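Asks: Below you will find the structure I want to go over with you.
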Amino acid sequence: MTANGARRGRYQTRQRRAVVRTLAQAPGFLSAQALHARMHLAGETISLTTVYRALRVLADAGRIDTIHDQVGEQLFHLGTVGRSRHLVCRDCDQNVPIDADTVENWAATTAADHGFTDIHLVIELTGLCPACTATTP
């Protein structure tokens, strides 16, 4: 990314602040469309395209966490400091933050061994939570 692009990514617009504020109030992960709908209900005037753009910038900056639901739709949640990983139930979408330091260290070492830089690690663990397992025949 160019220096100008890098600067633009750190620039906090009114729309990005509104996206962060709405994500902070959400009880869990939201799709971009659900986030957009919540924002409109709260009186925010923002286009869906701007929501997507803000989410991409915030995800690239590590400010928000992303997961995929059962059908593959990307969902967003206000992140914790640093990268956060989650174990997600495929039935009810319950999610639990998990420690993935071992995998992240392995990925960084493997990438460095092969001369790769600027690594983007995608870790998604899905399964059935205890409640959904109990109701599965």
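The values are calculated or read from the model by the stated rules, or taken from the named source; none is laboratory data. Not measured: the values here are computed from a predicted model. Here the Cβ positions follow ideal geometry from the backbone for every residue, glycine too, while neighbour counts run over all protein chains shown.
Asks: Looking only at region 95-133, filter to residues that are of a type outside the set (A, V, I, L, M), in contact (Cβ under 8 Å) with a residue 12 or more places away in the chain and part of a loop (DSSP other than H, G, I, E, B); which one of those is nearest to LEU75 (Cα to Cα)?
Replies: GLU124
Asks: Residues THR126, THR66: which one is under 20 Å from LEU30 (Cβ atoms), outside the structural domain of ALA24 (by TED's automatic domain parsing) and among the hydroxyl-bearing types (Ser, Thr, Tyr)?
Replies: THR126
Asks: Pairs only if they're at least six apart or on different chains, beta carbon under 7 angstrom, first in region 73-89 and part of a loop (DSSP other than H, G, I, E, B), second at pLDDT 85 or above and surrounded by 19 or more Cβ atoms within 10 Å (Cβ to Cβ); list them, first residue then second.
Replies: Here the result reads GLY79/ILE64, each pair linking region 73-89 to a residue that is at pLDDT 85 or above and surrounded by 19 or more Cβ atoms within 10 Å (Cβ to Cβ).
Asks: So, one more: Within region 58-72, can you find the residues that are part of a strand (DSSP E or B) and either aliphatic (A, V, I, L, M) or in contact with a helix residue (DSSP H, G or I) (Cβ under 7 Å, 6 or more places away or on another chain) (or both)?
Replies: ILE64, THR66, ILE67
Asks: Of the conditions (1) part of a strand (DSSP E or B); (2) in contact (Cβ under 8 Å) with a residue 40 or more places away in the chain; (3) of a type in the set (A, V, I, L, M, F, W, C), CYS92 clears all except one; give me its number.
Replies: Only one criterion is unmet by CYS92, namely (1).
Asks: Out of region 34-72, which residues are within 23 Å of THR126 (Cα to Cα), in contact (Cβ under 8 Å) with a residue 40 or more places away in the chain and β-branched (Val, Ile, Thr)?
Replies: Residues satisfying the conditions are ILE64, ILE67.
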